[in-house]
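Presented below is the structure to which this report refers.
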Ligand code: MN3
C-alpha cells in the first residue's frame, strides 16, 4: 500500500500565535505531502520495499538500490519526522513534562531549563536545514541534531521528540529569527504524547 500523509490532529490555527495557520497548512499539506508523494514515486516498481515501514527503510538504507537510496533517505525521513512532529504538538500545549520523563530529563541534563536550553542550542547551531532531537542512543538520553531529513534511526538512535528547523517551518512568521521560533515552540508541546513516545522508545 502506498504511504499516505496522516491528517493533522488539530486545526491549522491550533498552534497560534506560536506557529501560524498558513505555515501549518503549507507545511502539512505541501511539504509533508511532497515527501510522501516522492517516497511512493521512488518505490515504484520495488514491491519488496513498498511493504516495509519507513523505519525499516531507514534502518536498511544500505540494502536499497543505489539509484533510489538518496530519494528514500530524504523522503522516508521526511515522512517519519513530520509524522512525529505533528503529534508532539497540540492546542493549549506547553508547560513541563512530569513523571518518568521529567525524572529522566533531570537525570540526563540537570534540569528542565538546562534541557530546554541545550535543545534550543542544538537547533540554533544546525547549519542550514535539519532537526534537533531528544533520543535514546546506546540506552542513554541525549540531544543531537541532524541535517536535512535524516532521522537518528539511520545510525541506531531512537528519537521521540524533536523540532524541525527548516526555514519552511518558521519563515513566514519569524523570517531569519530561528531562535525566536525555537523559544515559542515550547508553548505548543503535548507532553502527554511525548511521555508516551518516551515510554515506547525506552523499551
Ligand atoms: Mn518540515
Please verify whether residue 92 is closer than 21 Å to residue 25 by Cα and surrounded by fewer than 15 Cβ atoms within 10 Å (Cβ to Cβ), treating the condition exactly as stated. yes
Counting residues that are at pLDDT 95 or above and away from the ligand (no atom under 16 Å from the Cβ), which helices (runs of 4 or more DSSP H) fully inside the range 146-203 reach at least 1? 178-184, 191-202
Please go through the range 122-145 and pick out each residue that is over 19 Å from residue 39 (Cβ atoms) and part of a loop (DSSP other than H, G, I, E, B). 126, 127, 128, 138, 139
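For (1) in contact with a helix residue (DSSP H, G or I) (Cβ under 8 Å, 6 or more places away or on another chain); (2) over 16 Å from residue 188 (Cα atoms), each residue gets a yes or a no:
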{"site": "7", "(1), (2)": "no, yes"}
{"site": "18", "(1), (2)": "yes, no"}
{"site": "57", "(1), (2)": "yes, yes"}
{"site": "67", "(1), (2)": "no, yes"}
{"site": "72", "(1), (2)": "yes, yes"}
Is there any pair linking a residue in the range 140-153 that is at positive phi to one that is within 16 Å of the ligand (Cβ to nearest atom), with Cβ under 7 Å and at least six apart or on different chains, and which? 148/74; 148/129; 148/130
Quickly run through the range 131-150 and pick out the residues that are closer than 20 Å to residue 86 by Cα and out of contact with any strand residue (DSSP E or B) (no Cβ under 7 Å at 6 or more places or on another chain). 149, 150
Looking at (1) farther than 23 Å from residue 132 by Cβ; (2) in contact with a helix residue (DSSP H, G or I) (Cβ under 8 Å, 6 or more places away or on another chain); (3) touching a residue at least 12 places away in the same chain (Cβ under 8 Å), find the lone condition where residue 61 falls short. (1)
Residues of the range 109-128 satisfying the condition of being in contact with a strand residue (DSSP E or B) (Cβ under 7 Å, 6 or more places away or on another chain) and in contact (Cβ under 8 Å) with a residue 24 or more places away in the chain: 118, 119, 123, 126
Restricted to the range 28-50, and to residues that are more than 14 Å from residue 73 (Cα to Cα) and in contact with a helix residue (DSSP H, G or I) (Cβ under 6 Å, 6 or more places away or on another chain), which residue is surrounded by the most Cβ atoms within 10 Å (Cβ to Cβ)? 32
Wholly within the range 1-111, helices (runs of 4 or more DSSP H) carrying at least 3 residues that are within 16 Å of the ligand (Cβ to nearest atom): 21-26, 33-42, 66-87
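The values are calculated or read from the model by the stated rules, or taken from the named source; none is laboratory data. All values derive from a computational prediction rather than experimental measurement. Neighbour counts run over all protein chains shown; Cβ positions are idealised from the backbone, glycine included.
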